[in-house]
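Data first, discussion second: the structure below is written as structure tokens.
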Amino acid sequence: MNPEKLAKLQSQVRTGGKGTPRRKVVKASKPVAKEDPKLASTLKQLNVQAIPDVDTINIFKNDGKVLGFNAPRLSANLEANTFVIAGKPSEKSPEQALTEMISQMGSFGPESLSQLAKMAGGFQGASGVGDIDDDIPDLVASGEDAADSKTDLDAAD
């Protein structure tokens, strides 16, 4: 390559005056993560309040996996039983999530570890959604049959 042509190209690369350095790569500024205004207005309508100092949130799903949030933003409206979790989730196995929970618990005592073991056993031994209506008694007679039959009070009239 011709040195004169190279010098001419180098002189065109400068972005400022004589003493400024050459810019080799144009760096794009990263956008600042700001909250969506639509989301903010919806949260305001729900009347949720921010809950500070939450390190980790683990959500146990029905398929046996755990959805974990590290350093999430948690907001809640306890009267309406509404919770809002904002953050980047990661899927974990239940064993991995439980070992992280135990390491975070520290010295809370063996009784909390036994409660955690019962909770883990409950998730592994859950039989499904069909157990929800076990407390509902079976219907003995239909309402029409009961209306047709005469009671002692009806006979006395």
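The values are calculated or read from the model by the stated rules, or taken from the named source; none is laboratory data. Keep in mind the model is a prediction, meaning the values are calculated, not measured. Here the Cβ is made from the backbone with ideal geometry for all residues, glycine too, and neighbour counts use every protein chain on show. In case anyone asks, the SASA skips ligands and DNA or RNA and just uses the protein heavy atoms, side chains included. Shrake-Rupley method; radii C 1.70, N 1.55, O 1.52, S 1.80 Å.
Observations, loosely collected:
- Residue within region 5-13 that is out of contact with any strand residue (DSSP E or B) (no Cβ under 6 Å at 6 or more places or on another chain), at pLDDT 90 or above and open to solvent by 90 Å² or more (accessible area, probe 1.4 Å) present: no
- The condition of being under 24 Å from the mean Cα position of the chain (by Cα), at pLDDT 90 or above and small (Gly, Ala, Ser) does not hold for Ser103.
- Options Phe69, Phe60; residue that is within 27 Å of Gly122 (Cβ to Cβ), in contact (Cβ under 8 Å) with a residue 60 or more places away in the chain, open to solvent by less than 60 Å² (accessible area, probe 1.4 Å) and touching a strand residue (DSSP E or B) at 6+ places or on another chain (Cβ under 8 Å): Phe60
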